[in-house]
Structure formats: structure tokens, C-alpha cells
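Below you'll find the structure, written out as C-alpha cells, and then a few comments.
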Amino acid sequence: MTRTIVITGGAGFVGGNLAIALKEREHGSQIIAFDSLKRRGSELQLARLKAAGVSFVHGDIRSASDLRELPSMGVLIDAAAEPSVLAGVNGSPKYVLDTNYGGAANSLELCRERNAAFMLLSTSRVLPHKRLNDLPWQEMPTRYVWQTSDDVAGYSTAGIDETFSLEGPRSFYGTSKLCAELLMQEYVAAGVPAIATRFGVIAGPWQMGKVDQGVVSLWVARHLFGHQLKYCGFGGTGKQVRDILHIDDVTDLIYRQLNNMDLWDGKVFHAGGGTTCSTSLVELTSLCEEICNTRLQVNSDPATHPVDVRILQLNSALVSQTFGWSPKMSMRDIVNDIATWMREYRTLLEPILNT
């Protein structure tokens with residue numbers, strides 16, 4: 001199939017890797033990366049995009065007029081986001097809301113005007129933090145684990161599925177993405193083909209990890225380049241758990257979804273590493289020490305931030321059944337790929353990541 005696909009946030013970690021992967025697999029298609037280059041490190045993607053044959057358009061998703069400068073398209077993939085769960089917590093939430101919800105609104109309206117389809121890359125953090133932390137759990141030597149319960153819809157030890165209740169606060173970040181999902185439903189009713197996927201933690205090469213976002217890249221960078229690390233929250237033991245998806249598994253799923261657009265009826269799917277590809281911070285530290293051949297002193301802060309969660313793992317059964325997809329990369333693969341990338345591009349990356 002030959003088509004034009006626009007990826008907003010196309011010079012970011014997910015958007016950039018996705019643009020290049022689709023250009024390799026969508027033979028003859030035009031792939032356009034649209035990005036404001038606001039996040040430090042995104043400028044490093046431009047040479048990669050050009051070498052792969054991806055077109056680049058500079059613009060801000062918050063600006064409807066910027067988006068209207070784009071050519072006609074068949075699909076718009078919304079990969080632009082302020083991805084920090086702490087965004088707006090200690091100040092104004094305007095930027096995260098304008099970017100994640102306002103940007104989605106602008107993109108959906110453009111799709112309506114251009115008769116294009118819309119794909120939203122959403123997040124597991126739309127799930128309410130109190131409901132997650134109220135689930136039954138047990139402390140093990142290196143991690144917290146969920147315990148069996150038949151009383152909570154959408155929950156099992158295999159993870160959280162799409163039927164889990166969304167009642168309760170979740171963070172401005174999570175709310176902005178949930179609002180985008182809800183608005184998408186209205187545009188679907190108005191005739192725009194659309195789909196959304198709530199991803200767990202995504203990791204891999206070209207992620208510029210920071211304290212509040214990109215934990216795996218942050219952990220590897222600190223082990224390779226130095227600098228302090230800290231276990232924060234839940235007693236400061238580092239036992240909180242997240243499921244992790246390698247960026248290649250993400251791009252594989254999106255490619256499958258793009259080639260099954262007859263299924264784009266506004267459904268929202270969960271896609272994560274689940275129980276098979278998950279880690280606690282303690283376990284991540286051990287893996288980084290082994291692969292990076294270094295050891296750091298990790299500090300501790302027992303105080304738990306109000307929006308933090310003890311365990312978050314997604315049940316991807318529905319998206320696996322629908323699109324014939326399952327993640328292939330392990331935690332070891334993910335950490336090893338990131339470490340290899342950082343070693344190769346150390347001169348470029350160390351000034352950005354060692355802060």
C-alpha cells in the first residue's frame with residue numbers, strides 16, 4: 001500500500017524510531033515527521049530521519065495553522081506528547097494540557113478536514129493511581145507483586161486490561177491523554193477512522209531519559225556516564241514495578257495496526273510488556289551493573305509522590321488477539337540495546353544525558 005503518513009512528535013524517541021521503521025517497511029509510502037524540536041536531543045534525530053528518506057516539517061502540534069501546512073495525508077499518528085507524569089503537578093498544567101489534549105484536538109480536526117485516519121499513542125497512566133495502589137500486593141525480595149483477586153473488574157495478576165475502572169485522579173498527564181481518547185470517540189462518531197493504544201513504559205535507543213520520564217535510559221546513562229541515582233517512594237527500597245516495551249515491539253504493533261485499518265472503529269487497546277518483561281528499580285540496577293560493568297551508590301528517599309504507583313503492568317491479550325502481535329524483546333535485550341547505543345554515540349549523548 002502506498003500512502004502518506006504524518007507522525008506528530010516525529011523527531012521524538014517514539015516518533016523518530018517509528019518514522020524510520022515505517023519508511024523501511026512501507027515501500028513507496030511518504031512518511032512525514034512533524035515536530036517542534038522543543039525537547040533537548042530531538043535535533044539529533046534529524047540526520048537519522050533524512051538518511052532514512054523521511055521528510056521533516058517543523059511545527060507545533062498546539063498550532064492548528066502549523067498542522068494545516070502539512071500536505072494531504074492518509075493517516076496521522078499522534079506521537080507528540082509532554083510525557084512526564086509530573087508535568088503540571090507543581091505549577092501550571094497548561095503546557096501538558098495544550099500539548100496532549102489540545103494537540104490531539106487539532107490533529108483530529110485536521111483528519112476530519114482531510115478525510116484522513118487518526119491513531120493516538122496513549123498511555124497506561126490514564127489508569128487512576130489510587131485504584132492501582134489499592135490492588136492487593138505482596139513484598140518480595142526484589143519487587144512488589146500483585147496478588148490474586150476476583151473482586152476487581154479488569155484486574156488479574158497478568159495485568160490491567162481495558163475494562164479496568166477509570167474513576168479517580170491520575171495526574172494531569174494521564175488526564176490529558178484520557179481526554180484525547182474521549183475526544184477521539186466523538187470524531188469516530190463523526191466519521192473519522194481512529195484507534196488508540198495505551199502503552200506501558202517504552203524504552204530503547206534514542207530515548208533521552210530524564211528523572212521524570214524514560215527510566216530505563218536514565219538508569220543506563222547514569223551507570224555509563226556517572227551521576228547519582230535514587231530510589232524514590234514506597235519506602236525507598238526500589239521495589240516498585242513497571243512493564244517495559246522495546247521500541248521495536250512498539251513499531252511492529254503499529255505497523256500491524258496500519259495494515260488492518262478495517263478494525264479502526266475507535267477501540268482503545270492495552271499494550272505492554274506484562275509480567276514477562278517487567279522490572280523493579282532494584283532489578284534494573286542489577287542488570288545495568290552487569291551489562292555496563294559498573295556499580296553506583298543508589299540513594300534512597302522513602303516519601304511517595306501522590307501520583308506514583310507501586311505496580312503497573314498491562315494485560316495485552318486483546319491487542320494480541322486482534323492484531324496477532326506479541327512483544328519479542330526481553331529486559332536484557334532492552335538494556336543491552338540502550339547501552340550499545342550510548343557507547344556508540346557517547347560524545348553526542350553524554351552532555352545531554354549526564355545532567
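Assess whether TRP341 counts as being under 24 Å from ALA19 (Cα atoms) and in contact with a Lys or Arg (Cβ under 6 Å, 6 or more places away or on another chain).
No: the conditions fail for TRP341.
The residue that is farthest from LEU86 (Cα to Cα), among those in segment 167-189 that are of a type in the set (Gly, Ala, Ser) and part of a helix (DSSP H, G or I), is ALA189. Restricting segment 159-173 to residues that are out of contact with any strand residue (DSSP E or B) (no Cβ under 8 Å at 6 or more places or on another chain) and not hydrophobic (A, V, I, L, M, F, W, C) leaves a set whose member that is nearest to ILE311 (Cα to Cα) is ARG170. Of all residues in segment 82-96, those being modelled with pLDDT of 95 or more and either buried (at least 20 other Cβ atoms within 10 Å of the Cβ) or assigned to a loop (DSSP other than H, G, I, E, B) (or both) number 3. One residue alone among VAL335, VAL250 is more than 30 Å from GLU181 (Cβ to Cβ), touching a residue at least 24 places away in the same chain (Cβ under 8 Å), hydrophobic (A, V, I, L, M, F, W, C) and surrounded by 18 or more Cβ atoms within 10 Å (Cβ to Cβ), and that residue is VAL335. Take the residues of segment 115-163 that are part of a loop (DSSP other than H, G, I, E, B), loosely packed, with under 14 Cβ neighbours inside 10 Å and touching a Pro at 6+ places or on another chain (Cβ under 8 Å): which is modelled with the lowest pLDDT? Only one residue tops the list, namely SER149.
Looking only at residues in segment 201-243 that are in a strand (DSSP E or B) and among the β-branched types (Val, Ile, Thr), which one is farthest from SER316 (Cα to Cα)?
Across segment 201-243, the extreme among qualifying residues is VAL241.
Suppose the filter is touching a strand residue (DSSP E or B) at 6+ places or on another chain (Cβ under 6 Å) and under 14 Å from VAL307 (Cβ atoms); does SER176 pass it? No. Exactly one residue out of VAL307, VAL335 is in contact with a helix residue (DSSP H, G or I) (Cβ under 7 Å, 6 or more places away or on another chain) and part of a helix (DSSP H, G or I), and it is VAL335. Considering (1) more than 30 Å from PHE118 (Cα to Cα); (2) part of a helix (DSSP H, G or I); (3) in contact with a strand residue (DSSP E or B) (Cβ under 9 Å, 6 or more places away or on another chain), the lone condition that ASP249 does not fulfil carries the number (1). Taken as a whole, the condition of being part of a helix (DSSP H, G or I), more than 30 Å from ALA221 (Cα to Cα) and not polar (S, T, N, Q) does not apply to VAL282.
The values are calculated or read from the model by the stated rules, or taken from the named source; none is laboratory data. Owing to the predicted nature of the structure, the values given are computational and were not obtained by experimental measurement. Note that we place each Cβ from the backbone using ideal geometry, even for glycine, and neighbour counts take in every protein chain shown.
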